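The values are calculated or read from the model by the stated rules, or taken from the named source; none is laboratory data. Because the structure is a prediction, the values reported are computed rather than measured. For neighbour counting, all protein chains shown are included, and Cβ atoms are generated from backbone atoms with ideal geometry for every residue, glycine included.
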């Protein structure tokens with residue numbers, strides 16, 4: 001069927017040598033909305049680690065301009081997927097990422113953990129809420145893609161095995177997801193950001209819905225009050241209903257990665273370069 005033409009293309013590719021093309025198809029054509037939402041949740045998840053939330057609190061970025069920081073991360077990652085990490089735009093995006101990270105003392109383990117969320121959180125999201133789950137080829141391609149990105153970011157000791165890296169991620173969360181006041185404050189700034197995307201009258205509903213979708217370990221680490229269980233159940237049901245609709249939609253033919261709507265850089269990429277992004281950017285409108 002035409003709906004599975006991209007999947008047939010993916011199955012003909014090798015997850016090691018063709019991981020960039022597979023990522024472009026999966027994230028840009030098959031699941032652009034799901035990748036966006038799963039990576040929003042992945043970043044949210046990292047704020048459960050006190051060393052990460054503490055650093056973010058000290059920078060003041062989340063308090064002063066959370067939307068810009070969110071857009072910087074989303075657009076820079078989109079550049080890497082759409083154009084490739086060794087393309088001119090990809091190398092430029094990586095220079096911005098490395099410049100931003102190089103300003104702070106970030107442990108290698110924290111960097112390893114954040115990188116792992118970019119691999120495994122979309123896999124888990126799509127297993128539950130995608131119009132189809134990611135194939136093993138797509139999962140391995142994501143693993144090899146982000147390992148290559150991580151190497152170019154100077155991250156050391158990235159596990160070379162898919163299952164070993166997932167085990168590292170799980171163990172890191174079990175050890176480091178503990179409550180800290182900085183978790184709560186960064187978590188609340190992020191919730192406020194999510195709520196700002198909707199009419200203000202819906203803010204309480206959006207906030208409860210987001211918290212309802214978090215797992216219990218995250219709720220405890222943030223110090224949030226969990227809403228009734230039915231709130232999360234309704235959210236999960238809505239996402240699964242959406243997946244049934246998307247499964248019957250025509251196959252997407254054009255990428256919408258760097259052209260996904262963002263509030264900080266209207267019309268991106270037209271008139272922008274990756275070097276215009278980041279905390280020191282002077283071109284953000």
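Output the residues belonging to the stretch 270-284 that are at pLDDT 85 or above, part of a loop (DSSP other than H, G, I, E, B) and either surrounded by fewer than 12 Cβ atoms within 10 Å (Cβ to Cβ) or touching a helix residue (DSSP H, G or I) at 6+ places or on another chain (Cβ under 8 Å) (or both). Even if it seems obvious, please write down each step before you answer.
So in the stretch 270-284, the residues at pLDDT 85 or above come out as 270-277.
Cutting the leftovers down to part of a loop (DSSP other than H, G, I, E, B) gives us 270-273, 277.
270, 271, 273, 277, listed by residue number.
Kindly check whether there is at least one residue in the stretch 13-35 that is part of a helix (DSSP H, G or I), in contact with a helix residue (DSSP H, G or I) (Cβ under 9 Å, 6 or more places away or on another chain), modelled with pLDDT under 90 and buried (at least 20 other Cβ atoms within 10 Å of the Cβ). Explain how you work it out, then say what you get.
Filtering the stretch 13-35 down to residues part of a helix (DSSP H, G or I) leaves 19-30, 32-35.
Subset that is in contact with a helix residue (DSSP H, G or I) (Cβ under 9 Å, 6 or more places away or on another chain): 19-30, 33-35.
Now narrow it down to the ones that are modelled with pLDDT under 90: none.
So far as the stretch 13-35 goes, no, none of its residues is part of a helix (DSSP H, G or I), in contact with a helix residue (DSSP H, G or I) (Cβ under 9 Å, 6 or more places away or on another chain), modelled with pLDDT under 90 and buried (at least 20 other Cβ atoms within 10 Å of the Cβ).
Listed here are the residues, each with its yes/no results for (1) modelled with pLDDT under 95; (2) surrounded by 17 or more Cβ atoms within 10 Å (Cβ to Cβ); (3) in contact with a strand residue (DSSP E or B) (Cβ under 8 Å, 6 or more places away or on another chain).
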| residue | (1), (2), (3) |
| --- | --- |
| 146 | no, yes, no |
| 159 | no, no, no |
| 162 | no, yes, no |
| 165 | no, yes, no |
| 168 | no, yes, no |
| 200 | yes, no, no |
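Report, by residue number, each residue of the stretch 255-268 that is free of Cβ contacts under 8 Å to residues at least 60 places away in the same chain and either within 28 Å of residue 213 (Cα to Cα) or in contact with a helix residue (DSSP H, G or I) (Cβ under 9 Å, 6 or more places away or on another chain) (or both).
Quick first cut of the stretch 255-268, residues free of Cβ contacts under 8 Å to residues at least 60 places away in the same chain only: 259, 261, 266-267.
Passing the criteria: 259, 261.
Is it the case that residue 241 is within 21 Å of residue 128 (Cβ to Cβ) and modelled with pLDDT of 95 or more? Explain how you work it out, then say what you get.
Values: within 21 Å of residue 128 (Cβ to Cβ): yes; modelled with pLDDT of 95 or more: yes.
Yes, satisfied.
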